[in-house]
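The values are calculated or read from the model by the stated rules, or taken from the named source; none is laboratory data. Because the structure is predicted, anything quoted here is derived from the model rather than measured. Virtual Cβ from ideal backbone geometry, glycine too; neighbours counted across all protein chains shown. Keep in mind that these areas ignore ligands, DNA and RNA; they rest on the heavy atoms of the full protein, side chains included. Shrake-Rupley method; radii C 1.70, N 1.55, O 1.52, S 1.80 Å.
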Amino acid sequence: SLWLVLALICLIMAFTCLFTVQETETAIVTRFGRPLSGVAGSGLHVKYPWPIDTVVRLDRRTLLSDNEPIEMLSQDKKNVLVDSFVCWRIFDPLRFAQTVKTRIEAEARLFDVSASELGAAVGNEPIEAFINVGSGGVKLREGSERIGDAVNNVMRGNFGIEVVDLQINGLQLPAQNRE
């Protein structure tokens, strides 16, 4: 009976002290809510029991955030709807866990920073730089790369997020300006 109780206690300790990390994720162990310095890669790992240490799992894959179209003003004061998306991944798991903590919060920050950079880029160009019936003069690709680099610099340093790609899906005129 005593051996059964001891075996049960050892089994419970093993379940609360061991954790696995999948190939598609990385994990940070937090002690009383504060992240520890080591980041756990895939495999089996050991931690203190539940009330002391908890495991925060983060996705290592490249993620996609599709931004809602935003109305912006060009240099020549024309309204344009800019639709964009951002491909991103967690670059520094520890900084990510300390600043944004969740994917939803990370996407909100990405949206804020990318909208700001997009607004600045659109505001520095006339509408013809984005919408042109001729073959020359459209600067979408160059603009997307420049904006993506600027967003990456902010996100990488402040939030531990690497912007892999930022692209403009399309530009449209607002409903009141289409005629």
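Computed values, structure above
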item: Qualifying position, being modelled with pLDDT of 90 or more, surrounded by 14 or more Cβ atoms within 10 Å (Cβ to Cβ) and among the acidic types (Asp, Glu), among Glu125, Glu25; result: Glu25
item: Residues being assigned to a strand (DSSP E or B) and out of contact with any Phe, Trp or Tyr (no Cβ under 6 Å at 6 or more places or on another chain) - total across segment 22-47; result: 17
item: Residues that are of a type in the set (Val, Ile, Thr) and either open to solvent by 80 Å² or more (accessible area, probe 1.4 Å) or assigned to a strand (DSSP E or B) (or both), drawn from segment 60-78; result: Ile70
item: Answer from Ser116, Ser135 - the residue that is among the small types (Gly, Ala, Ser), open to solvent by 40 Å² or more (accessible area, probe 1.4 Å) and modelled with pLDDT of 90 or more; result: Ser116
item: Any pair with Cβ under 6 angstrom, 6 or more apart, that starts in segment 53-81 at a residue that is small (Gly, Ala, Ser) and ends at one that is at pLDDT 90 or above and part of a strand (DSSP E or B); result: Ser65/Val86
item: Set Arg57, Arg31: member being touching an Asp or Glu at 6+ places or on another chain (Cβ under 6 Å), closer than 27 Å to Cys87 by Cβ and open to solvent by 70 Å² or more (accessible area, probe 1.4 Å); result: Arg57
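Rundown of residues vs (1) at pLDDT 90 or above; (2) in a helix (DSSP H, G or I); (3) closer than 22 Å to Asn169 by Cα, yes/no style:
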position: Ala7; (1), (2), (3): yes, yes, no
position: Phe19; (1), (2), (3): yes, no, no
position: Val56; (1), (2), (3): yes, no, no
position: Leu110; (1), (2), (3): yes, yes, yes
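Here is a yes/no grid of residues against (1) outside any loop (DSSP other than H, G, I, E, B); (2) touching a helix residue (DSSP H, G or I) at 6+ places or on another chain (Cβ under 7 Å); (3) surrounded by 17 or more Cβ atoms within 10 Å (Cβ to Cβ); (4) modelled with pLDDT of 90 or more:
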{"site": "Trp50", "(1), (2), (3), (4)": "no, yes, no, no"}
{"site": "Val80", "(1), (2), (3), (4)": "yes, yes, yes, no"}
{"site": "Ser84", "(1), (2), (3), (4)": "yes, yes, yes, yes"}
{"site": "Arg89", "(1), (2), (3), (4)": "yes, no, no, yes"}
{"site": "Lys101", "(1), (2), (3), (4)": "no, no, no, no"}
{"site": "Ile104", "(1), (2), (3), (4)": "yes, no, no, yes"}
{"site": "Glu107", "(1), (2), (3), (4)": "yes, no, yes, yes"}
